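Inspection log for the structure reproduced underneath, given as C-alpha coordinates.
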Amino acid sequence: MISTLTRRIQATCADELSLLRRQMYSLAWQEIREGGVEGAATAMARKASCVNHGVSVDVVCFAQNATLEDAPFMISVAMHLHPDRRSGDVYWEEADAWAHAVAGHEWFRVEPRGRLETLDGRVFHYALTEKAPAAQIVPLETPAV
(Lines give C-alpha, C1' and ligand atoms only; values in the text may rest on other atoms or scores of the structure.)
Protein backbone atom coordinates (compact mmCIF):
# COMPACT_ATOMS: atom_id res chain seq x y z
CA MET A 1 0.00 0.00 0.00
CA ILE A 2 2.82 2.45 0.88
CA SER A 3 4.63 1.97 -2.44
CA THR A 4 1.37 2.45 -4.39
CA LEU A 5 0.58 5.59 -2.43
CA THR A 6 4.16 6.85 -2.88
CA ARG A 7 3.84 6.46 -6.67
CA ARG A 8 0.49 8.26 -6.58
CA ILE A 9 2.01 11.19 -4.65
CA GLN A 10 4.99 11.29 -7.02
CA ALA A 11 2.70 11.35 -10.06
CA THR A 12 0.38 13.99 -8.60
CA CYS A 13 3.05 16.29 -7.15
CA ALA A 14 6.07 15.53 -9.37
CA ASP A 15 6.99 19.15 -10.11
CA GLU A 16 6.58 20.30 -6.50
CA LEU A 17 8.57 17.35 -5.16
CA SER A 18 11.34 18.03 -7.66
CA LEU A 19 11.45 21.70 -6.62
CA LEU A 20 11.50 20.74 -2.93
CA ARG A 21 14.43 18.36 -3.49
CA ARG A 22 16.37 20.98 -5.46
CA GLN A 23 15.79 23.52 -2.69
CA MET A 24 16.86 21.02 -0.04
CA TYR A 25 20.08 20.11 -1.89
CA SER A 26 20.78 23.76 -2.64
CA LEU A 27 20.40 24.71 1.01
CA ALA A 28 22.69 21.88 2.05
CA TRP A 29 25.35 22.87 -0.45
CA GLN A 30 25.23 26.66 -0.38
CA GLU A 31 24.24 27.43 3.18
CA ILE A 32 25.77 24.61 5.16
CA ARG A 33 28.78 23.22 3.34
CA GLU A 34 30.08 26.70 2.57
CA GLY A 35 29.91 27.51 6.27
CA GLY A 36 26.94 29.88 6.31
CA VAL A 37 24.71 28.12 8.85
CA GLU A 38 24.40 24.89 10.82
CA GLY A 39 21.08 23.96 9.24
CA ALA A 40 18.33 25.19 6.92
CA ALA A 41 14.76 24.23 6.05
CA THR A 42 12.37 24.41 3.13
CA ALA A 43 8.74 23.35 2.79
CA MET A 44 6.03 22.42 0.32
CA ALA A 45 2.70 24.20 0.26
CA ARG A 46 0.05 22.44 2.34
CA LYS A 47 -1.66 19.59 0.46
CA ALA A 48 -4.87 17.69 0.90
CA SER A 49 -4.35 14.10 1.99
CA CYS A 50 -4.42 11.56 -0.82
CA VAL A 51 -6.43 8.97 1.11
CA ASN A 52 -7.90 10.71 4.16
CA HIS A 53 -10.84 13.04 3.68
CA GLY A 54 -10.59 15.98 6.08
CA VAL A 55 -6.82 15.78 6.55
CA SER A 56 -4.14 18.21 5.34
CA VAL A 57 -0.44 17.44 4.93
CA ASP A 58 2.59 19.70 5.47
CA VAL A 59 6.05 18.54 4.38
CA VAL A 60 9.18 20.26 5.68
CA CYS A 61 12.75 19.27 4.76
CA PHE A 62 15.75 20.08 6.91
CA ALA A 63 19.36 20.04 5.78
CA GLN A 64 21.91 20.02 8.55
CA ASN A 65 25.63 19.85 9.04
CA ALA A 66 25.82 16.10 9.52
CA THR A 67 28.01 14.27 12.00
CA LEU A 68 28.59 10.53 12.14
CA GLU A 69 25.36 10.05 14.14
CA ASP A 70 23.19 12.48 12.17
CA ALA A 71 21.76 12.26 8.69
CA PRO A 72 22.31 15.29 6.43
CA PHE A 73 18.60 15.49 5.55
CA MET A 74 15.53 15.22 7.72
CA ILE A 75 11.86 15.29 6.69
CA SER A 76 8.90 16.14 8.87
CA VAL A 77 5.43 15.25 7.66
CA ALA A 78 2.60 16.86 9.63
CA MET A 79 -0.91 15.50 9.16
CA HIS A 80 -3.54 17.95 10.39
CA LEU A 81 -7.10 16.86 11.10
CA HIS A 82 -9.90 19.16 10.10
CA PRO A 83 -12.28 19.93 13.03
CA ASP A 84 -14.88 17.32 12.04
CA ARG A 85 -12.36 14.49 11.52
CA ARG A 86 -11.68 11.74 14.10
CA SER A 87 -8.14 10.51 14.71
CA GLY A 88 -9.11 6.83 14.83
CA ASP A 89 -10.27 6.85 11.22
CA VAL A 90 -7.06 8.25 9.71
CA TYR A 91 -4.57 6.20 7.70
CA TRP A 92 -1.47 7.66 9.39
CA GLU A 93 0.91 5.57 7.27
CA GLU A 94 0.35 8.11 4.50
CA ALA A 95 3.15 10.10 6.17
CA ASP A 96 5.57 7.29 5.26
CA ALA A 97 4.50 7.56 1.61
CA TRP A 98 5.11 11.33 1.61
CA ALA A 99 8.61 10.81 3.05
CA HIS A 100 9.42 8.20 0.40
CA ALA A 101 8.03 10.49 -2.32
CA VAL A 102 10.32 13.30 -1.14
CA ALA A 103 13.31 10.92 -1.12
CA GLY A 104 12.39 10.30 -4.73
CA HIS A 105 14.91 7.73 -5.81
CA GLU A 106 16.98 4.79 -4.74
CA TRP A 107 19.93 6.89 -3.53
CA PHE A 108 18.35 7.56 -0.15
CA ARG A 109 16.99 5.33 2.56
CA VAL A 110 14.07 6.71 4.57
CA GLU A 111 14.42 5.98 8.29
CA PRO A 112 11.56 6.79 10.72
CA ARG A 113 12.85 8.84 13.67
CA GLY A 114 9.71 9.27 15.74
CA ARG A 115 6.41 11.08 15.90
CA LEU A 116 4.64 13.68 17.99
CA GLU A 117 0.98 14.00 18.83
CA THR A 118 -0.38 17.51 18.30
CA LEU A 119 -3.70 19.12 19.12
CA ASP A 120 -4.88 18.65 15.55
CA GLY A 121 -2.99 15.55 14.35
CA ARG A 122 0.48 14.04 14.26
CA VAL A 123 3.96 14.99 13.06
CA PHE A 124 6.25 12.24 11.78
CA HIS A 125 10.03 12.63 11.49
CA TYR A 126 12.31 10.81 9.05
CA ALA A 127 16.01 10.81 8.25
CA LEU A 128 17.25 10.47 4.69
CA THR A 129 20.52 8.60 4.65
CA GLU A 130 22.54 7.95 1.54
CA LYS A 131 22.75 4.37 0.39
CA ALA A 132 26.18 3.14 -0.60
CA PRO A 133 26.37 2.17 -4.28
CA ALA A 134 26.46 -1.61 -4.72
CA ALA A 135 30.08 -1.42 -5.91
CA GLN A 136 31.09 0.18 -2.57
CA ILE A 137 29.44 -2.41 -0.36
CA VAL A 138 32.06 -4.75 1.05
CA PRO A 139 30.80 -7.86 2.82
CA LEU A 140 32.13 -8.39 6.31
CA GLU A 141 34.15 -11.52 6.75
CA THR A 142 33.65 -13.54 9.87
CA PRO A 143 36.88 -14.58 11.58
CA ALA A 144 37.77 -18.23 11.46
CA VAL A 145 37.31 -19.98 14.77
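The values are calculated or read from the model by the stated rules, or taken from the named source; none is laboratory data. Treat the numbers as computed from the prediction; the structure is a model and nothing was measured. FYI the Cβ positions are ideal-geometry reconstructions off the backbone, even for glycines, and counts take in every protein chain you see. Remember, those area values only see protein heavy atoms, side chains included, never the ligands or the DNA or RNA. Shrake-Rupley method; radii C 1.70, N 1.55, O 1.52, S 1.80 Å.
Structure values in brief
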read-out	value
Pairs with Cβ under 8 Å, 6+ apart, first in the range 76-93 and more than 29 Å from Ala40 (Cα to Cα), second open to solvent by 50 Å² or more (accessible area, probe 1.4 Å) and β-branched (Val, Ile, Thr)	Tyr91/Val51
Qualifying residues in the range 105-126 (those that are assigned to a loop (DSSP other than H, G, I, E, B) and touching a residue at least 24 places away in the same chain (Cβ under 8 Å)) - the one least open to solvent (accessible area, probe 1.4 Å)	Asp120
Trp92 vs. criteria among the aromatic types (Phe, Trp, Tyr) and surrounded by fewer than 17 Cβ atoms within 10 Å (Cβ to Cβ)	yes
Scan of the range 15-57 for residues that are aliphatic (A, V, I, L, M), more than 20 Å from Ile2 (Cβ to Cβ) and either at pLDDT 75 or above or under 17 Å from the mean Cα position of the chain (by Cα) (or both), ordered by number	Leu19, Met24, Leu27, Ala28, Ala40, Ala41, Ala43, Ala45
